[in-house]
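So the structure is just underneath, and the comments pick up after that.
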Amino acid sequence: IQQASAADGVSHVLPDAATAQAHLQAEFYCTHAGNYYGTFGTNSTPGTRGQIFASVFLDGSMQFIAVADAGDPLAGFVVQTSDAVSSLLDGTFAQSTASPRVDLQGSFADATYLSGTYLANAAGNFQAVGDMSER
């Protein structure tokens, strides 16, 4: 703090722990916020794929929309929950809905790619790439 103040002539104040943590959390959510597009598939029927559209919001909430390809027996699902992105800032997320029952968990490889697993009417995996035109 003393060196920063001496360097620019401005009196700096170290934020308290709660303020610093809130700032880091907001920046993490901001870095990962946006729309992601990719695919999902089932473990029980290899080759069965669908499209996934995921949105990550500035408050850490997420929405997943999974749409089965036409003619595939795989049913899609929609999940939207608050506090999906872990407040530990470890790059993980988890979502669940009660009716219909859907559980998602995954992680961000970086701010442009997420992947994970789901359990709904079937179990499988998903992966999606961020839309960089929005960032």
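Values quoted throughout were computed directly from the atomic coordinates according to the rules given, and no laboratory measurement underlies them. All of these numbers come straight from a predicted model, not from anything done at the bench. Glycine also receives a Cβ, built like all others from the backbone with ideal geometry; neighbour counts cover every protein chain displayed.
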- So what is the calculated 222 nm ellipticity per residue for the chain, using -39500 (n - 2.57) for each DSSP H run with n of 4 or more, over all residues, to the nearest 500 deg cm²/dmol? -5000 deg cm²/dmol
- Max mean-square fluctuation residue, GNM over the chain, Cα-Cα springs under 10 Å, options A66, A18, A123: A18
- Note on the structure: If every Lys and Arg gets +1 and every Asp and Glu gets -1 at its Cβ, then about the Cα centre the chain yields a dipole, in debye to the nearest 20, of 340 debye
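Find the relative contact order for the range 1-130 and round it to a whole percent, using C-alpha pairs within less than 8 Å whose residues are 6+ positions apart.
It rounds to 21 percent for the range 1-130.
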- Rounded, prolate or oblate (a/c below 1.5 giving rounded, otherwise prolate when a/b exceeds b/c) for the range 1-120 by Cα gyration tensor: prolate
